[in-house]
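Chemist: Before I ask anything, here is the structure I am working with.
The values are calculated or read from the model by the stated rules, or taken from the named source; none is laboratory data. Computed from a predicted structure; not experimentally measured. Glycine gets a Cβ as well: all are built from the backbone with ideal geometry, and neighbour counts include every protein chain shown.
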Amino acid sequence: MNGIWTMAAALVSFLVTALSGKKTISFLHKIKYGQTILEIGPSWHKRKQGTPTMGGIMFILGIVISTSVCVPLYYFTSGIQGLKVTETPFMILKIYAGLVMAFLFGLIGFLDDYIKVVKKQNKGLNPKQKLILQFSVAGLYLIVLYTASKLLGASGLTVFSFPFFNIDLGFLFWPLAAVVIVGIVNASNLTDGVDGLNSSITFFVGIFMMIIASIYGMFGLSIEAAAMVGGCLGFLIWNFHPAKVFMGDTGSLFLGGMVCSLGFGMKQYFILILLCLPYICEMFSVILQVIYFKLTKGKRLFKMSPIHHHFEMLGWSEVKICVVFSLFTVFLGVLSFISALFIYLP
């Protein structure tokens, strides 16, 4: 039964996202919500000037509708006897708390896109404003998890599980968790700089999270991951090179939030970080570039950052970058799958 609803979630999300593309793109063109290409990127990206942005609304709609419909139907049709021990009320709360968190991150991205496009302020929200809003959302999500775990008697939230051994971080877990969530969300945002890159990577991240959630009998989370997979695939129809629409910060922050909600929902923090290494590499390439530039008084470690632009400057096509980064994600997914077989969740 769980397999049927997992496939249904992916299909519903895919169809809603893919079929909404034509009208959404047409509407974004009509209201002139076009992307402004900054000078800090590769010069040839200038030809993308005016491509509609905020297209992440398409898969946000697909994922939210799919999860909201398919998860309750799965629980309803399975019945109490058909559910595994892992399918507790706390699990249901984590699914929807995570979905709300992702939606709120998407809302922050929408505000940022709105300021850039409508107010014609290319930089959108300043870094301080973004971080305050993002840490507020992450903090609210973690407060919900903490409160619910106490009320419902859930345990093991603060345990960091590795293959063969676990470490209980105790109170230290909560501030570290907020940093991890905000870091991954922003890393996802930095990954969205080449046609189809973020949606391709997240598609494969979602597939392996779906598989790993099923291994642990967390079929509600598996359905949510399937919805993300379907949404990314539906969006790729419109976003693969040459892109007809960009997801914008609206979409990239939402996807980062979704990935975090799945990792935290499974209590698979090690696997979350492992699967998110493509995003994290993008983020650290920017950090290292800035540090190196300041220490060497003007020299560059990479030809351009984030690192996908470095490969562009080396002559890689956008399609090649998507393929190589996706293969890297699949490799990490296989490692994650093997690791999950040897991880004991408390």
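Chemist: Take the conditions in contact with a Leu (Cβ under 7 Å, 6 or more places away or on another chain), under 25 Å from Val64 (Cα atoms) and of a type in the set (S, T, N, Q) and apply them to Ser336. Does it pass?
Modeler: Answer is no for this residue.
Chemist: To continue, here is another question. Restricting the search to the stretch 151-180, which residues are touching a Lys or Arg at 6+ places or on another chain (Cβ under 8 Å), surrounded by 15 or more Cβ atoms within 10 Å (Cβ to Cβ) and outside any strand (DSSP E or B)?
Modeler: Within the stretch 151-180, just Leu157 meets the criteria.
Chemist: A further question follows. Given the structure, is Phe235 assigned to a helix (DSSP H, G or I), under 24 Å from Thr24 (Cα atoms) and either in contact with an Asp or Glu (Cβ under 7 Å, 6 or more places away or on another chain) or touching a residue at least 12 places away in the same chain (Cβ under 8 Å) (or both)?
Modeler: Spelling it out, Phe235 is indeed assigned to a helix (DSSP H, G or I), under 24 Å from Thr24 (Cα atoms) and either in contact with an Asp or Glu (Cβ under 7 Å, 6 or more places away or on another chain) or touching a residue at least 12 places away in the same chain (Cβ under 8 Å) (or both).
Chemist: Now for a separate question. Is it the case that Lys320 is farther than 30 Å from Phe160 by Cα and assigned to a helix (DSSP H, G or I)?
Modeler: Against the criterion (farther than 30 Å from Phe160 by Cα and assigned to a helix (DSSP H, G or I)), Lys320 qualifies.
Chemist: If you check Lys130 against the conditions, is it buried (at least 18 other Cβ atoms within 10 Å of the Cβ), touching a residue at least 60 places away in the same chain (Cβ under 8 Å) and among the charged types (D, E, K, R)?
Modeler: In short, no.
Yes or no, residue by residue, for (1) modelled with pLDDT of 90 or more; (2) in a helix (DSSP H, G or I); (3) under 19 Å from Ile237 (Cα atoms); (4) of a type in the set (Gly, Ala, Ser):
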| residue | (1), (2), (3), (4) |
| --- | --- |
| Phe14 | yes, yes, yes, no |
| Ile63 | yes, yes, yes, no |
| Tyr74 | no, yes, no, no |
| Gln81 | no, yes, no, no |
| Ala97 | yes, yes, no, yes |
| Phe105 | yes, yes, no, no |
| Phe110 | yes, yes, no, no |
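Chemist: Suppose we filter the stretch 186-229 for residues that are among the small types (Gly, Ala, Ser) and within 14 Å of Gly265 (Cβ to Cβ); how many remain?
Modeler: Result for the stretch 186-229: 9.
Chemist: Taking into account only those residues within the stretch 238-256 that are in a helix (DSSP H, G or I) and of a type in the set (A, V, I, L, M), which is nearest to Cys322 (Cα to Cα)?
Modeler: In this case the residue turns out to be Leu255.
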